[in-house]
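These notes concern the structure reproduced below.
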Amino acid sequence: MPGEDPVPEPIPFPVPPVPEIERRLKWRALPVLAFLGLMLALAAVAGFSLLAPPRPLTGLPEDPDVAAARALVAGRLGFMTGELRFRSALTGEPAAVSDPAADAALAGRAAALLERARERHPRDGRLAVALAHLDLARRRYARAERGYRDVIERGVHSAEAHLGLGVTLALEAAAEPDPLRERGLRLEAIAQLAAVRPEDAVYDAALYDRALLLARVGRRDEAQRRADEFAAREPGSAWVEKLREAVVMERR
């Protein structure tokens, strides 16, 4: 109409050619693909860590102070574990006769040597386990328990830490006046002993203690199965008869 401003023609938006569009789409897709690849890689690592067994932690580090500590206590500490069995790379089998004062002094001297070795090997979990053994020998149960748990919670498999913690918890249970807490401690001890594998050097000791504690908590059929397994592993051993008597006695 006369007097009205003419409507401006729309300015066409420049459309890039098809090759340029494809190039931009590919460029944007690369970060997405890289992100997805990273997520898949992380998922694979997480799955492997869940499925793969924890790496084993065995023996003792090669160190002169560790060797001196072992020579000092091997076969000489009594441990006062009652009917429970215990052994380790540091201490060997407990002495048949125990003198609490002498054991404490001997364990203290060995602990000083191990602490000196730990200054050279601060991240070696085997030393932490060995020091926990010496706390157990001195009946420092709370400290021994912390030492064993610290190693177990690192995600390594330490049969000695599981055995030591199982024995510590069982000894704590024996001194516990609350029946419910006593049973809870024994059940947790059984779980720790069950974590020891048949190929571990301390398996027989863990199996013996496990059968004994299973009988104590009333799981008699399972206790008998573990006692039979122990008898098959140590035929003719004096421990077999001791365990058989203990399991039968708990059945009454």
Per the C-alpha gyration tensor (a ≥ b ≥ c, the square roots of its eigenvalues), the stretch 132-199 is rounded if a/c is under 1.5, else prolate if a/b beats b/c, else oblate; here it's oblate
For HIS157, residues with placed amide H under 5 Å, excluding near neighbours = ARG55, LEU57
At q = 0.10, 0.14 Å⁻¹, what base-10 log of I(q)/I(0) does the Debye formula yield for the stretch 64-251 when every alpha carbon is treated as an equal point scatterer in vacuo?
-> -0.38, -0.76
Hull surface divided by four, with the convex hull built on the Cα atoms of the stretch 152-252: how many nm²?
-> 6.6 nm²
Packing-wise, with mean Cβ within 10 Å as the measure, how do 166-179, 93-106 rank, highest first?
-> 166-179, 93-106
Multiply the residue separation of GLU93 and ALA112 by 0.36 nm, subtract the distance between their alpha-carbon atoms, and state the gained length in nm to one decimal.
-> 4.7 nm
So what J values fall out for the stretch 218-232 if you push phi through Karplus, 6.51 cos²θ - 1.76 cosθ + 1.60 with θ = phi - 60°, rounded to Hz, Gly and Pro as x?
-> x, 8, 6, 5, 5, 4, 5, 5, 5, 5, 5, 4, 5, 4, 6
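Throughout, read-outs are computed from the coordinates displayed, never taken from laboratory work. None of the values given here were measured: they were computed from a predicted structure. Because the Cβ atoms are built from the backbone with ideal geometry, glycine has one as well, and the counts that use them run over all protein chains shown.
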